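The values are calculated or read from the model by the stated rules, or taken from the named source; none is laboratory data. Since we're looking at a predicted model, the values are computed, not measured. We place every Cβ from the backbone using ideal geometry, glycine too, and count neighbours over all the protein chains shown.
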Amino acid sequence: MTTLTLLQEAVTDLLTAQGIPAMGVFPKADRVHPSQPLAVVGVKEVAVTPAAFGDCLGEDSQGETLGQQVRVTVRLALYSPPEAGEEGCRQFLDKAAGALFRGRPGGLRLERWVMGETAFDQTRGMFRAELTAQYHGMLTAVVTGETFFLDFAVKGGLTI
């Protein structure tokens, strides 16, 4: 499974656990049904920067600990049935924003989110709103003398 898929699934699982119907944008989001609300989740951007000089956070008896900071930007397209109206779509947007605010998908911490405009999507025959959320986390890995390949893990979360 790819890193982007893991990140996308972490947000999808968070929303689903909060009672918000959600699915990933890949391979296709053609399964939107006009009678049910749905959040379609996609990873927009991932940025990794050093956490320390040479990524080294220190050494202990287990080995050298490496670390990197990661910022993940996730975009949600929120679809709401036409009979719910624009107000129903805004309420669905508010519910999704609350779920993102309370949760920590894959151990990542919410840094900010931005709500987009709500409008009627002629193609799908539903109301649509966008929500973009930016998350921050620390990737860490312990290197021992024999380690050749590293798996980085989000502190308290998923392994990338």
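What the table below lists for this structure:
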item	result
Number of positions in the range 111-129 that are crowded, with 16+ Cβ neighbours inside 10 Å and closer than 13 Å to residue 74 by Cβ	1
Odd one out for residue 47 among (1) under 16 Å from residue 138 (Cβ atoms); (2) more than 15 Å from the chain's Cα centre (by Cα); (3) of a type in the set (Gly, Ala, Ser)	(2)
Members of the range 52-66 that are at pLDDT 75 or above and in a loop (DSSP other than H, G, I, E, B)	61, 62
Flag if residue 144 is under 30 Å from residue 56 (Cβ atoms), touching an Asp or Glu at 6+ places or on another chain (Cβ under 9 Å) and modelled with pLDDT under 95	yes
Count of residues meeting criterion [of a type in the set (A, V, I, L, M, F, W, C) and without any contact (Cβ under 8 Å) to a residue 24 or more places away in the chain] in the range 90-103	1
Selection from the range 104-142 of residues that are outside any strand (DSSP E or B) and touching a residue at least 12 places away in the same chain (Cβ under 8 Å)	104, 105, 106, 107, 108, 124, 125
Qualifying residue in the range 128-135 (condition: at pLDDT below 95 and not β-branched (Val, Ile, Thr))	yes
Output for the range 57-89, where each listed residue is free of Cβ contacts under 8 Å to residues at least 24 places away in the same chain and closer than 20 Å to residue 36 by Cβ	83, 87
Hits in the range 67-104 - residues which are at pLDDT below 90, of a type outside the set (Gly, Ala, Ser) and buried (at least 17 other Cβ atoms within 10 Å of the Cβ)	68, 70
Where a residue in the range 37-56 is surrounded by 13 or more Cβ atoms within 10 Å (Cβ to Cβ) and its partner, wherever it lies, is among the acidic types (Asp, Glu) and part of a helix (DSSP H, G or I), with Cβ under 9 Å and at least six apart	41/9
